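Readers should treat all values here as calculations from the given coordinates under stated rules, not as data from a laboratory. All of these numbers come straight from a predicted model, not from anything done at the bench. Cβ placement follows ideal geometry from the backbone for every residue including glycine, while neighbour counts extend to all protein chains displayed.
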Amino acid sequence: MDVSIIGSGYVGTTVAACFADLGHDVVNVDIDESVVRAINDGDAPIHEPGLDDLVAAHGGDDLRATSDYDAIRETDVTLLALPTPSHDDGSIDLAAMKAGAEAVGEALAGKDGYHLVVVKSTVVPSTTDGTLAPLIADASGKVEGKDFDVAVNPEFLREGSAVEDFREPDKIVLGTTGSERALERLRTLYAPITDAQDAAVVETGRSEAEMIKYANNAFLAAKVSLINDLGNICKEYGVDAYEVADAIGLDDRIGERFLRSGVGWGGSCFPKDVDALRAAARDVGYEPLMLDAAVEVNDRQPERLLALLDDHVDVAGERVAVLGLSFKPGTDDVRNSRAIPVIERLQERSATVVAYDPVAAGEMREHFPDIEYADSAADALAGAHGAVVVTDWDEFAALDGEFDAMADPVVVDGRRIVDRRDGVTYEGLTW
Ligand code: UDX
């Protein structure tokens, strides 16, 4: 198929490169000329394992980039993969999506024949029905259901394994008005995946598809907050929450994944999507108590981590090592990383923060230009009066003699990655 993708951000670029690799002819539209040039030169504009090779193999060939929306006329289907950030109150900011939908509509005004537009971005239920589809109809002067259709096909990629997640999805969600033409195109688009393996294909309505994405992320975020709530109780009773989690995870109604308790969830999706869903719920008069509690538990974990440090050292005026800055291992992304509130609260305690992360120090420098960034965990630990572990990078599991160089060998582990050892006062956040 000839596929156009609007937006060369994290999702857009990954999906574009993967569809090219599956045999489609892909054009990626983005207003950023430097991103357009990079893709055409075969350089991935974002860091993601496996993506460099795909963009190098297809960029400038069956994966082309342009800043000209008219390119979509030559394609069968257009995916909208634009960002949906939050307003200050947590509600979804649709400005980029609306502008994108209008630009797509204007380009489609000059197209003969049927076109399918697919909303890939995460949007709250009824956005496609109530806002995006009407915008495309107005801007194109065409009739929905006759000249074009709009479908919703959310993306469930995780950072750090996005290419793999795309190739081997556990589900493909296709939300439509019921239009057989739209479904036919979507099935053809995903045929290289569905022909090769068993991926569940969920054919549903558009608002249901929109909600599935939010429900998926909200459920997982709340699952982690629930295990953190239980973990906090465990800690008070001297119970090891990880042994508890391993056991309850054997109940397949619960499942073993996303039961790692600790300093909480961050990233570009969970916080934004849970907040957008809470705001959308309030918009229609519903008080989302469980989701509010999931956020509250998450917000409190960094303080619990530092309270455990307070039990052993007075950090005022002392060097404290922060190990790990990214929101999870395998990425340099620090958006909503738990390291941010941890560092803020250490600064409130007048500690001198020395931070280490194998890849995310550069990103964190934008938030905290004035703290010290060490080149290794050993350098961060040397002379430190206590250390807190915020990200579960594998290399922290291998630390050993490095703790001997601490001025006060107290380690508070927020991710269960460091082992207990002689000579170190070790506190697990929930164990
Ligand atoms: C998430 C969803 O998993 C993905 O489907 C969606 O498309 C985008 O959002 P991602 O943000 O890449 O993906 O991160 P994920 O691996 O899900 O982890 C999210 C956060 O939860 C991280 O901060 C992680 O450290 C935390 N987490 C996860 C836990 O604290 N405990 C767990 O057991 C699992």
> Do you know which residues across region 81-95 are farther than 25 Å from Thr13 by Cβ and either within 16 Å of the chain's Cα centre (by Cα) or of a type outside the set (Asp, Glu) (or both)?
Replying inline: His87, Gly90, Ser91
>> Contact list please: Cβ distance under 7 Å, first residue in region 214-232 and farther than 21 Å from Ala279 by Cα, second residue charged (D, E, K, R) and more than 9 Å from the ligand (Cβ to nearest atom), pairs at least six apart or on different chains.
In response: Asn232/Arg304
> Among the helices (runs of 4 or more DSSP H) confined wholly to region 73-167, which include 3 or more residues that are small (Gly, Ala, Ser)?
Replying inline: 95-108, 133-140
> Mind checking whether some residue in region 255-277 is part of a helix (DSSP H, G or I), within 14 Å of the ligand (Cβ to nearest atom) and either surrounded by fewer than 17 Cβ atoms within 10 Å (Cβ to Cβ) or of a type in the set (Gly, Ala, Ser) (or both)?
Replying inline: yes
> What residue, among those in region 168-191 that are assigned to a helix (DSSP H, G or I), free of Cβ contacts under 8 Å to residues at least 60 places away in the same chain and out of contact with any helix residue (DSSP H, G or I) (no Cβ under 9 Å at 6 or more places or on another chain), is surrounded by the fewest Cβ atoms within 10 Å (Cβ to Cβ)?
Replying inline: Glu180
> Which members of region 56-72 meet the condition of being among the hydrophobic types (A, V, I, L, M, F, W, C) and either closer than 28 Å to Ala95 by Cβ or part of a loop (DSSP other than H, G, I, E, B) (or both)?
Replying inline: Leu63, Ala65, Ala71, Ile72
> If we keep just the residues of region 105-130 that are of a type in the set (S, T, N, Q) and crowded, with 16+ Cβ neighbours inside 10 Å, which is farthest from Thr78 (Cα to Cα)?
Replying inline: Thr127
> Could you say which residue among Ala196, Ala221, Ala215 is hydrophobic (A, V, I, L, M, F, W, C), out of contact with any strand residue (DSSP E or B) (no Cβ under 7 Å at 6 or more places or on another chain), under 27 Å from Ser337 (Cβ atoms) and surrounded by fewer than 16 Cβ atoms within 10 Å (Cβ to Cβ)?
Replying inline: Ala215
>> Any residue in region 273-288 that is farther than 20 Å from Pro154 by Cα sitting within a Cβ distance under 8 Å of a residue that is assigned to a helix (DSSP H, G or I) and of a type in the set (A, V, I, L, M, F, W, C)? List the pairs, counting only those 6 or more apart or interchain.
In response: Glu287/Ala281; Pro288/Leu277; Pro288/Ala281
